[in-house]
Amino acid sequence: LRHLVLVLGDQLDLEASAFDGFDPAQDAVWMAEVAEESTHVWSSQPRIALFLAAMRHFALALERAGRPLHYRRLDAPDNRGSLAAELAAAIEALRPQALVMTAPGDWRVLQALRKVAAQAGLALDVREDRHFFCSVREFAAHARGRKQLRMEYFYREQRRRHGVLLDAQGEPLGGQWNFDAENRGAFDARGPGLLPEPLWEPPDALTQEVLALVAQRFAHHPGRLARFAWPVTRESALRALSRFIEERLPLFGQYQDAIWPGQPWLYHAQLSAALNLKLLTPREVVAAAEAAYHAGRVPLASAEGFIRQILGWREYVRGIYWTRMPDYLDLNALDAQAPLPAWYWSGETEMACLRDALVQTLDTGYAHHIQRLMLTGLYALLRGVAPREIHAWYLAVYVDAVEWVELPNTLGMSQYADGGLMASKPYIASGKYIQRMSPHCSGCRYRPELRHGESACPFTVQYWDFLIRHADQLGSNPRLAMQFRNAQRLDEAERQAIQRQAQALREADTATCTP
Ligand code: FAD
Ligand code: SF4
């Protein structure tokens, strides 16, 4: 055997760089399902099922493409349980001259595979992942010499470099780069009205087999499978893309930040998992949104708002991950040490807004961005949860969770643990923000306007406690000046009442329920 081409669960693309020069007469592909990838964090059942189902469907696509494949199933009696052990055994059995792969999305996995290759005395050819618009090298060049990184500048550079939404003079269409101000709508009291049908397709026989395996083998893992219907093939991902462009993109921009109880999808794309598994390329997704704008089917603010997520945020967080790892994982700028409340894994809390987001997360493996940033993320930030604990939770529960994208979003954007590299300020707010953006508070036992006392909203109590706790460290940030000024106006008795209650909240509900 000349080359053994390694394909991981988030590299399901027949056109990936690992296949350049592939010769079926001399080369073979290797894929392995291993328990460690589902247990190094306590992965949810929907997430495990998505990866396994998509891998098994990709194995069929490789077969159809005539590429010889060595595939290890999780339920094989002699499965060794880790990628490293399985690869070492494959090398022993197949005796390739070299290993080839596309750069993986996870630093830990790259180190593990490098070690196996070195121990076997084999070259490991790690190739550029051209799935992305921007290579890690290009990102490093963008970051070099800048005191502060800001997504907006990176995004403008990307628009220019790739000619996206530009006029004939190379200037942004509509005369501005960013229509964010138009993307902050909330629904009025009547709610979102008739929403497009969810994108989902019922699981086929192969996916059903995986669902049965996961239900049996990972029964004690969080999450539920009854509503599992994520795209697991390129064909179904392409169908999901075209339905999104037709049905949801027109109102995506307007309601990007909205929250509504019992409505997980609203006008969001539900494409992150398909993108992260590489069933779709970001180029085709951006091109589809741009074409819909040029055809007059979607407003510019929606097309731009959506494209900014893919060409801007998604590429930006990847650049941060690969230029900052492995140190990034240990950052904790706010010295947050509290444990994660156990009910993050069950949804059993009296806080109506969090209960809705958590139960939905466990049922579907999905929450939209504002639910992640301004509900589950905000609560952990205000409470002072240790970044490693909340990181493990995000990596475990969402079907789109792969470390390169999850970690900077969690540690950087949502927890401010990198001290401002990703975000120019911590995203902090009290329960009154949630009251403004959703009707959750009217069905909740707490009251968002109360700062302490039995009925005080835990977001609000901890928001004020956060401002008191971090006055020295963050008080000089001009973007937070007004919030800190308001905190200074609290009298001593109120400060003490807030601090006592916040401390009691931090100490409550922390019994662990992970194995
Ligand atoms: P839409 O809201 O419709 O957005 C369209 C696409 O843009 C998404 O499919 C996604 O590919 C991309 N996108 C949007 N925002 C971001 C972002 N901030 N970073 C990277 N890409 C973005 N996204 C993941 O893909 N995996 C994760 O593990 C993940 N963890 C997150 C953790 C936290 C704490 C936060 C605040 C955000 C996280 N995100 C993550 C980003 C974002 O919330 C999800 O990409 C989005 O909710 C996926 O749903 P959608 O496909 O319906 O997205
Ligand atoms: Fe959430 Fe507080 Fe509103 Fe209850 S009162 S729904 S906990 S923001």
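Only the coordinates and a few stated rules stand behind these numbers; no lab work does. The shown structure was predicted, so the numbers you read here are calculated from the model rather than taken from an experiment. Reconstructed Cβ throughout: ideal geometry from the backbone, glycine too, with neighbour counts over all protein chains shown.
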Exposure-ranked with fewest Cβ neighbours within 10 Å first, Val385, Val359, Val41 stand as Val359, Val41, Val385
Applied in sequence order to the stretch 74-79, the curve 6.51 cos²θ - 1.76 cosθ + 1.60 (Karplus, θ = phi - 60°) yields integer Hz couplings, x standing for Gly and Pro, of 4, 8, 5, x, 9, 4
Within the under-13-Å Cβ sphere about Glu449, not counting Glu449, Lys/Arg +1 and Asp/Glu -1 give a net charge of +4
Residues other than Glu403 with Cβ under 13 Å of its Cβ, Lys/Arg counted +1 and Asp/Glu -1, net out at 0
The stretch 3-127: Kirkwood hydrodynamic radius (Cα pairs, Å) comes out at 14.7
Here the relative contact order (percent) of the stretch 342-507, from C-alpha pairs under 8 Å and at least 6 apart, is 18
Taking only the Cα positions of the stretch 209-287, the convex hull volume per residue in Å³ is 124
Dividing the helical contributions, -39500 (n - 2.57) per DSSP H run of n ≥ 4, by the residues of the chain yields a 222 nm value, nearest 500 deg cm²/dmol, of -12500 deg cm²/dmol
Sorted by chain and number, the residues with a modelled amide H under 5 Å from that of Leu166, at a separation of 5 or more or across chains, are Leu173
HN-Hα couplings for the stretch 263-269 via Karplus (6.51, -1.76, 1.60; θ = phi - 60°), in whole Hz with x for Gly/Pro, come out as 10, x, 9, 6, 10, 7, 7
Given all pairs of distinct Cα atoms, the stretch 165-322 yields a Kirkwood Rh in Å of 17.5
1/(1 + (r/R0)^6) with r = Cβ-Cβ of Gln97 and Asp472, R0 = 51 Å, i.e. FRET efficiency to nearest 0.05, evaluates to 0.30
Percent antiparallel among DSSP beta bridges confined to the chain, nearest 5, equals 5
Treating only Lys and Arg (+1) and Asp and Glu (-1) as charged, each at its beta carbon, one finds that the chain has a dipole about its Cα centre, in Debye to the nearest 20, of 820
Ranked from fewest to most other Cβ atoms within 10 Å of their own Cβ, Tyr416, Tyr293 fall in the order Tyr293, Tyr416
Checked the chain against the a/c 1.5 cut and the a/b vs b/c comparison, axes a ≥ b ≥ c from its Cα gyration tensor; verdict prolate
Yeah, the stretch 363-444 with a ≥ b ≥ c from its alpha-carbon gyration tensor (a/c under 1.5 is rounded, else prolate when a/b outruns b/c, oblate otherwise) is oblate
Once normalised by the length of the stretch 3-127, the mean sequence separation of its alpha carbon contacts under 8 Å that are 6 or more apart gives a contact order in percent of 34
Scoring the chain by relative contact order with C-alpha pairs under 8 Å, at least six apart, yields a percentage of 16
Here D for the stretch 97-190, in µm²/s, from Stokes-Einstein with a Kirkwood Rh over Cα pairs at 20 °C and 1.002 mPa s, works out to 123
Per residue, the convex hull enclosing the Cα atoms of the stretch 364-515 spans a volume in Å³ of 127
If amide H atoms are modeled at 1.01 Å from N in the peptide plane, then the residues at a separation of 5 or more from Arg127, or on another chain, having amide H under 5 Å from its own are Met101, Thr102, Ala103
Computed D for the stretch 338-382, Stokes-Einstein, Kirkwood radius over alpha-carbon pairs, 25 °C, 0.890 mPa s, to the nearest µm² per second, is 234
The ratio Rg/Rh over the Cα atoms of the stretch 306-443, Rh being the Kirkwood inverse mean 1/r radius, stands at 0.95
In whole percent, the Cα-Cα distances of the stretch 157-211 spread across 10 Å bins from 0 upward as 17, 21, 18, 28, 16, 1
Computed over the stretch 395-442, the distribution of all Cα-Cα distances in 10 Å bins, rounded to whole %, is 25, 32, 38, 5
